[in-house]
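What follows is one structure encoded as structure tokens, with my remarks underneath.
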Amino acid sequence: MLTRTLGALSVVALAACAAFTSGPASADDSDAFSHGDGGSRGRPVKVMIISMFGPEGQVWLDKLGPWRDIPVDGLSPDYPAVHCNRQDVCVMTTGMGHTNAAASIMALTFSPRFDLRHTYFMVAGIAGIDPQQGTVGSAAWAKYLVDFGIQWEIDGREIPAGWNTGYLGINTKSPSEKPPLDYRTEVFQLNTQLADTAFALSRNVVLSDNAQAQAARAKYSYAPANRPPTVIQCDTLAGDTWWSGTLLGQRARDWTKILTDGKGTYCTTQQEDNATYEALKRAASVHKVDLNRVAVVRAGSDFDRPYDGQTSADNLLNYSAQGGFTIALENLYRSGNPLVQDIVTHWGEWREGVPRR
């Protein structure tokens, strides 16, 4: 799958940094925050923002500080601390891909340093985007998390006659059958009320844009690909294989429909979200977190398939030329912050669950 957790080769060094630039607060200033570590149950957290690599986290650190840095055993060695501010908003970074996401979230949720029983978790990352659903810079709130990697695959040059793809569900007989979901991680449904509330709070925000992205959009002959970015609702597909292509893109759409019984609509492609959710689910099974408090927003950093006349190889190899990386990062903040601020400002309404308004 063509996942979009890196915006350009130049940011690899940023993603590997051992620590963020986390604002003016001292990481060791124990007087800076009244809550400290929260006593025997750990520090209470209202919102935990989950990023996957350095620039995704940095956009929050640059805007919501000052921060206190709290080291947590078992986090990625590249991102060994969680950063928390006076509003009880925290930012953590998992590292990229399924493995890093699962390991880091398990370390976070089982750490004695935090009390996460009432915490809202917001996964906020960049992604590839389906041009029939959005455009570079668009921010999409998901209701379904679908794993694209848990499939059987037959070499595309050897697929049976009458098949339109070499992919099929495990222990099925054709690409159109729904598999038995033996892994129990193939598809997750998020709290619809939370997703709808997040969308309602952010749907009218003005998103960032730039000339490079506008030029990339203009090469597509249809909307919404060739229109300015907006906040949308559609679902996200996880898998560690980066991909590009019209036929693979159609499989992504079809696979999402199959696994959600026709209820989901594919629009973004990334690596981590099913792994992140499964780790949260394990923590929820022992009452450390509440799965009804998980939201996912992904912003399109580039298109998952080429425009007419472009090759899939060119779309893949030159994805950074689409200009979506910097605006997608900014739009994670612009689309996600209304939810963050509503939770912390109206905590009395949110503490016991998503308010009905």
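Of all beta bridges that DSSP places with both ends in the chain, some 35 percent have antiparallel geometry.
Kyte-Doolittle cut-off 0.0, length cut-off 30 Å along the helix's own axis using Cα: show which whole DSSP H helices in the chain pass. Working shown, then result.
Numbers: long enough: 324-345 (31 Å, 0.25).
Those that clear 30 Å and a mean of 0.0 are 324-345.
In the context of the full set of protein chains, the chain has a per residue accessible area of 41 Å² (1.4 Å probe).
Step through the table entries Lys143/Lys219; Lys178/Lys257; Lys46/Lys143, compare each Cα-Cα distance with 18 Å, and write down the pairs that go over it. Don't skip to the answer; put the middle values down first.
Details: Lys143/Lys219 30 Å; Lys178/Lys257 10 Å; Lys46/Lys143 21 Å.
The pairs that break the limit, which is 18 Å between Cα atoms, are Lys143/Lys219; Lys46/Lys143.
Based on the mean of other beta carbon atoms within 10 Å per residue, what is the order of 348-356, 251-259, most packed first? Don't skip to the answer; put the middle values down first.
Values: 348-356: 12.9, 251-259: 22.0.
Result, highest mean Cβ count within 10 Å first: 251-259, 348-356.
On the chain, 51 percent of the accessible area sits on carbon and sulfur atoms, based on a 1.4 Å probe.
Expected output is a single nm value to one decimal: the length gained when fully extending between Asp308 and Ala200, i.e. 0.36 nm times separation in residues minus the C-alpha distance. What is it? All intermediate terms of the calculation are to be shown ahead of the outcome.
Working: separation 108, 0.36 × 108 = 38.88 nm, distance 3.39 nm.
Gain on extension, Asp308 to Ala200, equals 35.5 nm.
Among the protein heavy atoms, those of Tyr120 account for about 10 Å² of accessible surface (1.4 Å probe, every chain in place). Distance between the C-alpha centres of segment 293-357 and segment 212-272: 13 Å, rounded to the whole angstrom.
When the expected Rg is taken as 2.2 N^0.38 Å, what fraction or multiple of it is the alpha-carbon Rg of the chain?
Numbers: Rg = 19.8 Å, N = 357, 2.2 N^0.38 = 20.5 Å.
For the chain, the normalised Cα radius of gyration is 0.96.
Protection proxy ranking for 170-179, 135-144, using the average of other Cβ atoms within 10 Å per residue and placing the highest first: 135-144, 170-179.
Nearest 500 deg cm²/dmol is fine: what mean residue ellipticity at 222 nm does the chain get from its DSSP H runs of n ≥ 4 alone, each adding -39,500 (n - 2.57), divided by its residue count? Could you put the intermediate results ahead of the total?
Values: 10 runs with 104 residues, N = 357.
Computed ellipticity for the chain at 222 nm equals -8500 deg cm²/dmol.
Each peptide in 193-205, 83-95 gets a packing score, the mean of other Cβ atoms within 10 Å over its residues, and the list from highest to lowest is 83-95, 193-205.
Nothing charged except the Cβ atoms of Lys and Arg (+1) and of Asp and Glu (-1): what's the magnitude of the dipole of the chain about its Cα centre? Round to the nearest 20 debye.
On the way: 32 positive and 37 negative charges, 169 e Å.
Once rounded to the nearest 20, the dipole reads 820 debye.
Here's the list of aspartates and glutamates a cross-link from Lys263 could span, going by alpha-carbon distance under 18 Å and ignoring same-chain residues fewer than 8 apart: Asp130, Asp147, Glu177, Glu186, Asp196, Asp235, Asp254.
The values are calculated or read from the model by the stated rules, or taken from the named source; none is laboratory data. Here the structure is a predicted model, which is why all the values come from computation and not from measurement. Note that we place each Cβ from the backbone using ideal geometry, even for glycine, and neighbour counts take in every protein chain shown. Surface areas here come from the heavy atoms of the whole protein model, side chains and all, with no ligands, DNA or RNA. Shrake-Rupley method; radii C 1.70, N 1.55, O 1.52, S 1.80 Å.
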